[in-house]
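Notes follow once the structure below has been shown.
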Number of protein chains: 2
Amino acid sequence: MDFDKAAAKISDGIKIKINKREVTIILCCVKKTDNLWEIVDYSDVPIPAVFETLNYLKSENLIYFDEKACHLTERGVEIVGSLHPVEDMTCSYCEGRGLSLGKFSDLYKKFIDIQTSRPAASHNFDQGYVTPGTSVARFVLAYERGDVEDKDILILGDDDLVSIVLGLSGLPKSITVVEIDTRITGFIREMGREHGFEVNVNDFDLRKPLPGMHMKSYDTFFTDPPETIKAADAFLGRGVSALKEPGSAGYFGFTRREASLTKWYDLQRLIIDYGMVLTDIIHNFSEYVNWGYEEETRAWDLAPVKITPVKNWYRSALYRIQALDGFRGSTIDYGEENIYEDSESSTT
Amino acid sequence: MDFDKAAAKISDGIKIKINKREVTIILCCVKKTDNLWEIVDYSDVPIPAVFETLNYLKSENLIYFDEKACHLTERGVEIVGSLHPVEDMTCSYCEGRGLSLGKFSDLYKKFIDIQTSRPAASHNFDQGYVTPGTSVARFVLAYERGDVEDKDILILGDDDLVSIVLGLSGLPKSITVVEIDTRITGFIREMGREHGFEVNVNDFDLRKPLPGMHMKSYDTFFTDPPETIKAADAFLGRGVSALKEPGSAGYFGFTRREASLTKWYDLQRLIIDYGMVLTDIIHNFSEYVNWGYEEETRAWDLAPVKITPVKNWYRSALYRIQALDGFRGSTIDYGEENIYEDSESSTT
């Protein structure tokens, strides 16, 4: 099996460049699990590329599909035997985040309770929210780094309800949410009233530049952009433009499920060009709850086996970035443009 | 207390730009601990800037020193009361690395035993080696990512003895070490003979470009460069130039103890310019054993309280970078130049 040739052939068929390393990892994932969505999870390769690779491996008689799953053929077993096994060495106590949530366990319990009545993920707005543990862990990380207490905090798109975690903590100086979905903004307002915290909630489409009142006004922002460079620029760039001063920080998730490392590279260049420095990239920090509209997505159309996921399989890395002298964000107006899709995306 | 003014004044006195955020964090660290070296550890600011800030805070009557330690004055206590407390939310099971070492606990025990007879850290070569747990954790991370098993691995400077961990595992296809200190190269050779693993050991000064035989020959490299941009270019750039192909990966430590975030920014720009993408930046991944020559360093001269550290206090982040199409490293010849010092360094 010539994995270089395989990678070249697979890349030709889709508009995503994949390499030998990725093809071999995908093959090894089939040894680890027969579930399509877990293969995507372990491989850390964009979904369309994973599925195209699986189709190629099938054509090479290394794997086969049945109605529910994906298996190695005899030939596949033989080849995988000489390759690195896919193994998960994640710390089971902190789920790989490196953080203890212990100090905030009461807050965590309260938030778990509150978020059960949250609005469902909306396909319209490309929503897919994270587990309550993820939202609390984002808060704890920012707290440890000194980006929460007595700080003015902006959340750009808040289907993860980070504003509620922040509100319950009572620690920030102010909390502001900018969000397009009125179900979410309504829920946050309601929880604020019910649990006695204040949030400035703004119904707003982030494809447009932020109103002037938000410029250079916040110490910290949180966001979770869709994984295209334009959407990253819209969400992150707006966040950066809203930061007060050098030392201010931003937190956001970015996945490999819809972004190749080539796109990650473009993202990192964008961040550097904003005059922001990367302080943390934490692998698989954020875990997303299966959003329930899987069968309406491009990923479903591409899937060689039509089976809905059981376990959560969509994860993203957490980035923390910090402002340096001369930082500036983005004020590009994307109008009504569809900035949410590219060749690597498939769950929008 | 005007922290902006303080930051400007402190920055004027040294050639390191520090901001309001950092001055307040250093003040809050004095509440957390009275030990000078732990203040450096928690603050994540270059040592000369921490000490200059402490001197400034003393002149403002916010802190005072006694023979052994650093304390808040009454005025200091008052001001700190309204600021974010410095707290450590690190997962105590994995020490914040997010990894379980369980699968390799026998290897870990064996390595702990072996490294007790290692050569002491040499001031000549700016050595300061990591704890055995750190060396094993670097191996485990690389193992999980598929960068160890059946791979050709290069270690550029190996006072952390990663080659011995790799050798004991029996997993790599080949292990090559390039190292200037003949005590280290001798020790690695000896351990290889004693424990039955092969390592290609080369006595070599990394200020010079790698010989042609190493170019484009490795799947993975490990290094731990001194924190100047030239040294980073020498160590990392050589590592990158030795990688085989897109998908090959590099691991290295980089601290904030001798590098401001402005220098981190320059480092990240360098990495991007190599055509490498950052996949991980793991805060405080590496812990260094107190090296024993503290009193000979610039840090000691600058220290407002002359007390030797007790606990390990020098930590660095772990970076993982991966090669993309068109990547290339550095072949600059630094000759006999002192590339190991700049205004932010103080332990060389």
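The values are calculated or read from the model by the stated rules, or taken from the named source; none is laboratory data. Worth saying up front: this structure is predicted, and the values here are computed from it rather than measured. We place every Cβ from the backbone using ideal geometry, glycine too, and count neighbours over all the protein chains shown. Just so you know, the surface numbers come from the protein's heavy atoms only, side chains and all, with ligands and any DNA or RNA stripped out. Shrake-Rupley method; radii C 1.70, N 1.55, O 1.52, S 1.80 Å.
Brief remarks follow.
- Of the residues in the stretch B:66-93, those shielded by at least 40 Å² of accessible area once partner protein chains are present, compared with the chain alone at a 1.4 Å probe, are B:84, B:87, B:89, B:91, B:93.
- Shielding by partners - mean other protein chain Cβ count within 10 Å, residues of A:139-152: 3
- Cα-based convex hull volume of the stretch A:100-235 per residue, rounded to whole Å³: 110
- Residue B:272 contributes about 10 Å² of solvent-accessible surface, heavy atoms of the protein only, 1.4 Å probe.
- Between the beta carbons of residue A:109 and residue A:289, assuming R0 = 22 Å, the FRET efficiency works out to 0.75 to the nearest 0.05.
- Each copy carries a label point for residue A:106 at 7 Å from Cα along the beta-carbon vector; from one copy to the others these points are 4.7 nm apart, nearest first.
- Of A:244/B:31; A:244/B:263; A:17/A:244; A:306/B:151; A:103/B:31; A:151/B:5, those spanning more than 30 Å from alpha-carbon to alpha-carbon: A:17/A:244; A:306/B:151
- Base-10 log of normalised Debye intensity for the stretch A:197-246 (one unit scatterer per alpha-carbon) at q = 0.19, 0.27, 0.31 Å⁻¹: -0.65, -1.16, -1.31
- For residue B:331, the solvent-accessible surface with a 1.4 Å probe is about 90 Å², rounded to the nearest 10.
- Applying both filters, DSSP loop and at most 13 other Cβ atoms within 10 Å, to the GluC sites (Glu not before Pro) of the stretch B:130-209 gives B:198.
- Spin-label pair residue B:8/residue B:73, simplified geometry with 7 Å Cα→Cβ offset, distance in nm: 2.3
- The separation of the stretch A:186-228 from the stretch B:48-74, counted between C-alpha centres, amounts to 39 Å.
- Spatial offset of the stretch A:281-313 relative to the stretch A:323-348 amounts to 23 Å, using the alpha carbon center of each.
- In chain B, the longest principal axis of the Cα atoms and the axis of helix B:20-32 are about 90 degrees apart.
- When the GluC sites (Glu not before Pro) in the stretch B:1-83 are filtered for DSSP coil states and for at most 14 other beta-carbon atoms within 10 Å of their beta-carbon, the remaining sites are B:67.
- In the stretch B:186-337, the alpha-carbon atoms span a convex hull of 153 Å³ per residue.
- At the listed q of 0.08, 0.12 Å⁻¹, the Debye profile of the protein assembly as shown, built from one uniform point per Cα, gives log10 I(q)/I(0) equal to -0.62, -1.42.
- Among the cysteines of the protein assembly as shown, A:28, A:29, A:70, B:28, B:29, B:70 have no other cysteine beta carbon within less than 4.7 Å of their own.
- Centre-to-centre separation between the Cα atoms of the stretch A:89-112 and those of the stretch B:95-143: 26 Å.
- Cβ-Cβ FRET estimate between residue B:83 and residue A:337, R0 fixed at 45 Å, reported to 0.05: 0.55
- Percent accessible area from carbon and sulfur atoms, chain B, protein chains only, probe 1.4 Å: 46
- Semi-axes of the equivalent ellipsoid for the stretch A:1-52, Cα gyration tensor, largest first, Å: 18, 12, 8
- Note on the stretch B:28-183: semi-axes of the ellipsoid equivalent to its C-alpha gyration tensor, largest first and rounded to whole Å, are 41, 19, 13.
- The residues packed around residue A:6, meaning those with a beta-carbon under 15 Å from its beta-carbon, carry a net charge of 0 if Lys and Arg are +1 and Asp and Glu are -1.
- Peptide B:254-262 has a mean of 2 when you count, residue by residue, the C-beta atoms of other protein chains within 10 Å of its C-beta.
- Enclosed volume per residue, in Å³, of the convex hull spanned by Cα atoms of chain B: 130
- Chain B - mean residue ellipticity at 222 nm from DSSP helices (-39,500 (n - 2.57) per run, n ≥ 4, rounded to 500): -10500 deg cm²/dmol
- Taking 0.36 nm per residue of sequence separation and removing the Cα-Cα distance, the residue B:15/residue B:120 pair yields an extension gain of 34.6 nm.
- GNM on chain A, alpha-carbon springs under 10 angstrom: the most fluctuating residue among A:188, A:153, A:16 is A:16.
- Residue among A:66, A:280, A:181 with the largest mean-square fluctuation in a Gaussian network model of chain A, springs linking Cα atoms under 10 Å: A:66
- Residue A:91 accessible area, assembled protein chains, probe 1.4 Å, Å²: 10
- Cα-derived Rg to Rh of the stretch B:1-87, Kirkwood definition: 0.91
- Panel note: contact residues of the stretch A:308-348 (accessible area lowered by at least 20 Å² against the chain on its own; 1.4 Å probe) correspond to A:322, A:324, A:325.
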